[in-house]
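Some notes on the structure that comes next.
The values are calculated or read from the model by the stated rules, or taken from the named source; none is laboratory data. Remember, it's a predicted structure, so these values are computed and weren't measured experimentally. Every residue, glycine among them, receives a Cβ derived from its backbone with ideal geometry; neighbour counts consider all protein chains shown.
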Amino acid sequence: MEMLEIRNMHKSFGPTIALNDVSFSAQSGEVLGLIGENGSGKSTATSIYAGMQTCSSGEMFFKGEPWHPVSMNDALKRGVGMIVQENGTVPGISAAENIFLGETQEYVSGLFVNRKKMNRDAQAALDAIGAGHIRAEMMTGMLDFQDRKLLEIARVMAKDPEVLVVDETTTALSQKGRDIIYGIMNTMRKEGKTVIFISHDLDEIMEKCDRLTVLRDGKIIRTFEHEEFEEGAIKAAMIGRELQGSYYRDDYDGEVSSEVVLAAEHLNHTDQLSDFSFELHAGEILGIGGLSHCGMHTLGKVLFGNEKAESGSFTVHGRQIRNEAEAMKEGIGYVAKDRDTESLCLEASIKDNIAIAGLDKIAVHNAFILPSRENSYVDAQIKNLRIKCNDRNQYVSTLSGGNKQKAAFGKWTGRDSSILILDCPTRGVDIGVKQAMYQLMYRMKQEGKSIILISEEMTELIGMSDRLLVMKDGKLQKELFRSRQLSEADVIEYMI
């Protein structure tokens, strides 16, 4: 049975055409993959179907009947749920309140909310997906990015949807979280339900999907049947050309300067860092890897002065760093994993986001900001990073994931940072943008700049790092060096 269908869908945002005559369908018992470069229209089409926004024109059908959801809650109650790419939880309320967001009236008895029953039902929803380590009564703001994502999954699955849209969710999850999603997808397929799976991980999407539809520039390019899956053909359909040049680095000389630019000594922080020490050299790409809760994300925050270590210290060029201002003064830049809340202000322009980190570079005599000088500074980053936008005044919230990430990079490349701390820098971006970021990182290395690459992607760490530090339970577990023979198995052995 045809579970969902979209016919001749159009969507414009001002002069930007996001969807141009898009039509596709998905069957019951099927996992349909959607893939394409950032800005290709994948999230736009599915978010319209899930009730997040409306289309300019076109038709939608659910189980053969016209489909016109008025909101995401309305769509979910009627059988269509969506797990969004970025944060979809409210921080100032409990996990249970997030799961039953907009439905708390069902737990009202007289003048009071029956929180005991709400917490019990919410815990059952969390337990059902395998996220029982999250307690329903916990405040959502206490949860990390991954657990907030699991909270969203529990909220959607509590309604037992017949159609589930998974939009770039797996990039935010550890292997345990990904296994939860994969298990849900397999169960829904067996039950005759439908999953629309959006991912930039080509290996993942080829393994998990029954069919694969490619979008480019708001248009459907091609649908591949499972027997037609071939990496080169899918990549060419996505970007309209063959990828030129190397994807990861192809050098293995292992030469790195002996000059130490950053040294951390005996860092301790809650249960995330335990007597952690290391050195970063000039012109080095230092990889930091491990399971999601190993402490590597906390390390990035501590090294930028965003969080203060309980003991221990670190220096840059011999000078101790105690806060973000001192870190920036010494040439450190930081791109956080949770891009939309920690690296960018979504309801501000590209100009404001990029310029804010470089005001000391733009200002004349450290006092006056000339608009022409600020505009030139920002335009240079838009051009160098090839940020796809209407102009510098476009709100960051309207950009695709890849272009948001480029804007986050632009804050630090603009001020010519000599040390970049990159936490999951290619999360949620397509292969074309990934390649461009890898090339940028390698170019910075060749210029003598240093990069700390924190990542949950083994191929990325192995493909780009001169040296790789594996973390476990806040401690340094193993140091590995760049080699043609280094494999994912070699790294994973020390992570688990």
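Go through segment 373-402 residue by residue and tally those that are part of a loop (DSSP other than H, G, I, E, B) and more than 17 Å from Gly39 (Cβ to Cβ).
At the first step, the residues of segment 373-402 found to be part of a loop (DSSP other than H, G, I, E, B) are 386-394, 399-400.
Applying the additional criterion that residues be more than 17 Å from Gly39 (Cβ to Cβ) yields 392-393.
Summing the residues that are part of a loop (DSSP other than H, G, I, E, B) and more than 17 Å from Gly39 (Cβ to Cβ) in segment 373-402 gives 2.
Which of the residues belonging to segment 159-184 are over 20 Å from the mean Cα position of the chain (by Cα), more than 14 Å from Met3 (Cβ to Cβ) and touching a residue at least 40 places away in the same chain (Cβ under 8 Å)? Explain how you work it out, then say what you get.
In the first step, residues of segment 159-184 are kept if they are over 20 Å from the mean Cα position of the chain (by Cα); the result is 159-163, 183-184.
Among the residues that remain, those that are also more than 14 Å from Met3 (Cβ to Cβ) are: 159-160, 183-184.
Within segment 159-184, Lys159, Gly183, Ile184 meet the criteria.
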Quiz item: Taking segment 287-317 on its own, how many of its residues are touching a helix residue (DSSP H, G or I) at 6+ places or on another chain (Cβ under 7 Å) and either free of Cβ contacts under 8 Å to residues at least 12 places away in the same chain or assigned to a strand (DSSP E or B) (or both)?
Solution: 4
Exercise. Any residue in segment 427-440 that's within 16 Å of Gly36 (Cβ to Cβ) and assigned by TED's automatic domain parsing to the domain that holds Gly39: show its pairings with residues that are surrounded by fewer than 19 Cβ atoms within 10 Å (Cβ to Cβ) and not hydroxyl-bearing (Ser, Thr, Tyr) at Cβ separation under 8 Å, as long as the two are six or more apart or on different chains.
Key: none
Quiz prompt | Tally of residues being within 24 Å of the chain's Cα centre (by Cα) and surrounded by 15 or more Cβ atoms within 10 Å (Cβ to Cβ) across segment 482-491 | solution = 1
Self-check item: Hits in segment 292-333 (condition: among the β-branched types (Val, Ile, Thr) and more than 26 Å from Lys149 (Cα to Cα))
Solution: Thr315, Val316, Ile321, Ile332
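Can you name every residue in segment 185-201 that is within 23 Å of Ile6 (Cβ to Cβ) and either in a helix (DSSP H, G or I) or of a type outside the set (Ser, Thr, Tyr) (or both)? Quick ask: steps written out before the conclusion?
To start, the set of residues in segment 185-201 that are within 23 Å of Ile6 (Cβ to Cβ) comprises 185, 188-189, 191-200.
Listed by number, the residues that qualify are Met185, Met188, Arg189, Glu191, Gly192, Lys193, Val195, Ile196, Phe197, Ile198, His200.
Out of all the residues in segment 164-200, which are of a type in the set (Asp, Glu), surrounded by fewer than 17 Cβ atoms within 10 Å (Cβ to Cβ) and either in contact with a helix residue (DSSP H, G or I) (Cβ under 7 Å, 6 or more places away or on another chain) or modelled with pLDDT under 95 (or both)?
First pass over segment 164-200, keeping only residues of a type in the set (Asp, Glu): 167-168, 179, 191.
In the following step, the residues that additionally are surrounded by fewer than 17 Cβ atoms within 10 Å (Cβ to Cβ) were identified as 179, 191.
Of everything in segment 164-200, just one residue is of a type in the set (Asp, Glu), surrounded by fewer than 17 Cβ atoms within 10 Å (Cβ to Cβ) and either in contact with a helix residue (DSSP H, G or I) (Cβ under 7 Å, 6 or more places away or on another chain) or modelled with pLDDT under 95 (or both), namely Asp179.
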Quiz item: Within the bounds of segment 310-328, is there any residue that is within 27 Å of Thr171 (Cα to Cα) and aromatic (Phe, Trp, Tyr)?
Solution: no
Quiz item: How many residues does segment 323-349 contain that are surrounded by 20 or more Cβ atoms within 10 Å (Cβ to Cβ) and within 20 Å of Arg427 (Cβ to Cβ)?
Solution: 8
Self-check item: Candidate set: segment 67-78, residues that are crowded, with 20+ Cβ neighbours inside 10 Å and in contact with a Lys or Arg (Cβ under 8 Å, 6 or more places away or on another chain); chosen: the one farthest from Met138 (Cα to Cα)
Solution: Pro69
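Scan Glu152, Glu106, Glu97, Glu137 and give me the residue that is loosely packed, with under 14 Cβ neighbours inside 10 Å and either part of a helix (DSSP H, G or I) or of a type in the set (D, E, K, R) (or both). Give the steps one after another, and end with the answer.
Numbers: Glu152 fails: loosely packed, with under 14 Cβ neighbours inside 10 Å; Glu97 fails: loosely packed, with under 14 Cβ neighbours inside 10 Å; Glu137 fails: loosely packed, with under 14 Cβ neighbours inside 10 Å.
Among Glu152, Glu106, Glu97, Glu137, only Glu106 is loosely packed, with under 14 Cβ neighbours inside 10 Å and either part of a helix (DSSP H, G or I) or of a type in the set (D, E, K, R) (or both).
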Quiz item: Out of (1) within 18 Å of Met495 (Cβ to Cβ); (2) within 25 Å of the chain's Cα centre (by Cα), the odd one out for Lys478 is which?
Solution: (2)
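Out of the strands (runs of 3 or more DSSP E) lying entirely within segment 3-85, which hold 1 or more residues that are of a type in the set (D, E, K, R)?
On the way: elements: 16-27, 30-35, 57-62, 80-83.
Hits in segment 3-85: 16-27, 30-35, 57-62.
Look at Val156 and say whether it is over 18 Å from the mean Cα position of the chain (by Cα) and either closer than 15 Å to Ile83 by Cβ or in the same structural domain as Met82 (by TED's automatic domain parsing) (or both). Steps first, answer last, please.
Values: over 18 Å from the mean Cα position of the chain (by Cα): yes; either closer than 15 Å to Ile83 by Cβ or in the same structural domain as Met82 (by TED's automatic domain parsing) (or both): yes.
So Val156 passes the test.
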Self-check item: Residue list for segment 299-311, filter: among the small types (Gly, Ala, Ser) and crowded, with 17+ Cβ neighbours inside 10 Å
Solution: Gly300, Gly305, Ala309
Quiz item: Can we say Pro161 is within 25 Å of Ala18 (Cβ to Cβ) and crowded, with 21+ Cβ neighbours inside 10 Å?
Solution: yes
Quiz item: Got at least one residue in segment 161-169 being over 19 Å from Met52 (Cβ atoms) and of a type in the set (Ser, Thr, Tyr)?
Solution: no
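Name the residues in segment 66-108 that are hydrophobic (A, V, I, L, M, F, W, C) and in contact with a strand residue (DSSP E or B) (Cβ under 9 Å, 6 or more places away or on another chain), would you? Show your work before the answer.
Our first condition is that a residue be hydrophobic (A, V, I, L, M, F, W, C); within segment 66-108, this holds for 67, 70, 72, 75-76, 80, 82-84, 90, 93, 95-96, 99-101, 108.
Passing the criteria: Trp67, Met72, Ala75, Leu76, Val80, Met82, Ile83, Val84, Ile93, Ala95.
Could you say whether any residue in segment 253-260 is in a strand (DSSP E or B) and either at pLDDT 95 or above or β-branched (Val, Ile, Thr) (or both)? Even if it seems obvious, please write down each step before you answer.
Applying the first criterion (in a strand (DSSP E or B)) to segment 253-260 yields 260.
From what is left, the residues that are either at pLDDT 95 or above or β-branched (Val, Ile, Thr) (or both) are 260.
For segment 253-260, residues in a strand (DSSP E or B) and either at pLDDT 95 or above or β-branched (Val, Ile, Thr) (or both): present.
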